[in-house]
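Data block below; observations after.
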């Protein structure tokens with residue numbers, strides 16, 4: 001191999017390792033923050049449409065880059081020492097119809113799932129959480145473990161950044177993993193505040209104008225990065 005080719009190969013390997021580490025950090029931060037449990041997965045789409053995703057049997061709290069698999073847009077596994085998660089179809093279904101999406105997270109957070117279990121719509125009661133409103137709901141608790149269910153979820157999500165799955169969990173997506181991670185945190189924080197406020201009364205719901213102003217101020221890459229860095233600094 002010529003020196004230039006060796007350099008390009010080394011740079012490519014280093015870049016892949018960096019992306020895998022970012023995925024590992026994301027999942028471990030979500031687990032540490034009690035948003036992801038022993039299940040759940042996050043993915044990154046590469047420029048060649050291959051997808052990095054954590055394996056199904058991995059320990060989310062002790063994840064390493066060795067637990068990252070590679071799949072294609074049809075959910076076929078290309079690389080990985082363990083099997084990709086059964087719900088890898090969820091990621092592929094969204095990526096196939098959303099060229100703007102580069103990262104996806106799916107897990108089973110408590111507070112937002114509580115709302116769907118009792119048919120309570122997600123309401124914008126918190127500034128950061130208002131920027132993902134409205135949040136569409138997939139009216140099925142079924143696992144997204146086949147192409148038909150994946151297509152149904154992708155249609156429900158539409159062009160939105162987040163969606164809820166009835167009595168199941170949540171999905172977030174973004175132009176970057178940082179964006180998908182932060183929006184999921186914002187949504188779950190809003191759901192927790194909504195749930196807690198409902199214990200003592202009816203929470204105040206932001207108006208359309210208030211939501212517009214929040215989005216103008218808070219949908220900001222620098223603020224997203226600051227939120228990511230906040231959780232990253234606490235990562236054990």
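Each peptide in 94-100, 112-118, 170-176, 185-191 was scored by the mean count of other Cβ atoms within 10 Å over its residues; highest first, the order is 185-191, 170-176, 112-118, 94-100.
Computed from the C-beta positions of residue 16 and residue 204 and an R0 of 41 Å, the FRET efficiency is 0.30 to the nearest 0.05.
As a rough footprinting exposure proxy, the listed residues 140, 83, 130 were ranked by other beta carbons within 10 Å of their own, and the order from fewest upward is 83, 140, 130. D by Stokes-Einstein for segment 3-233, Kirkwood Rh over Cα pairs, 37 °C, 0.692 mPa s: 182 µm²/s. Each listed q (0.11, 0.13, 0.14, 0.16 Å⁻¹) maps to a log10 I(q)/I(0) for segment 119-219, found by the Debye formula over equal Cα scatterers with no solvent: -0.34, -0.47, -0.55, -0.71.
Subtracting the Cα-Cα distance of residue 232 and residue 160 from their residue separation scaled by 0.36 nm leaves 23.3 nm. Fully extending the segment from residue 98 to residue 117, taken as 0.36 nm per residue of separation minus the present Cα-Cα distance, adds 4.0 nm.
Over the chain, dividing the summed -39,500 (n - 2.57) contributions of all DSSP H runs of at least 4 residues by the number of residues returns a 222 nm mean residue ellipticity of -15000 deg cm²/dmol.
In this calculation the C-beta distance from residue 79 to residue 143 is compared with R0 = 22 Å, giving a FRET efficiency of 0.40. The label point for residue 167 and the one for residue 65, both projected 7 Å from the Cα toward the Cβ, are 4.2 nm apart.
All of the numbers you see were taken from the coordinates with simple rules; none came from a lab. As the structure is a prediction and not an experimental result, all values here were calculated from the model. Cβ sites come from the backbone with ideal geometry, for glycine too, and all protein chains shown count toward neighbours.
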